[in-house]
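Have a look at the structure below before the remarks.
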Amino acid sequence: MNFLTFLTADATASSEASNPLGGMLLPIIYIVIIGAVFYFVIFRPQKKQQKQLDAMVSALEIGDSVLTTSGFYGVVIDVMDEVVIVEFGSNKNCRIPMKKTAITEVEKPGSTEEKE
């Protein structure tokens, strides 16, 4: 065994003996880093999307065209606290009350003219 190997082995043994938490610190740092990655990749975008959806639903007005979670397009006839009444198709008798949370997209009546 050469002298350099003896010195490095002695230095690592003395550093482990002086800091018993040194071996546990690295896994804790890894867990914190993984937690931060999960937060920024999964949870933060989901919260941002939920805020946008809440803002969209709170801005619902009579006459807005909506797309529901089941894929139906309709026009809002009445807006209440948690419920909206949506008219589907050209049949004026097809008015269905539904929760605001069942609406995924909202299009204002004049928005198609502004895009063109």
Those residues of the stretch 20-63 which are closer than 30 Å to Glu87 by Cα and in contact with an Asp or Glu (Cβ under 7 Å, 6 or more places away or on another chain) amount to Ile62
For the stretch 93-101, state whether one or more residues are at pLDDT 90 or above, in a helix (DSSP H, G or I) and surrounded by 15 or more Cβ atoms within 10 Å (Cβ to Cβ). yes
Kindly check whether there is at least one residue in the stretch 66-77 that is without any contact (Cβ under 8 Å) to a residue 24 or more places away in the chain and among the polar types (S, T, N, Q). no
With the structure loaded, tell me whether Val32 is in a strand (DSSP E or B) and at pLDDT 90 or above or whether it fails that test. no
Just one of the numbered conditions (1) part of a loop (DSSP other than H, G, I, E, B); (2) touching a Leu at 6+ places or on another chain (Cβ under 7 Å) is not true of Val84; which one? (1)
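The values are calculated or read from the model by the stated rules, or taken from the named source; none is laboratory data. Being a predicted model, the structure only gives us computed values, none of them experimental. Cβ coordinates were reconstructed from backbone atoms using ideal geometry, including for glycine residues, and neighbour counts include every protein chain displayed.
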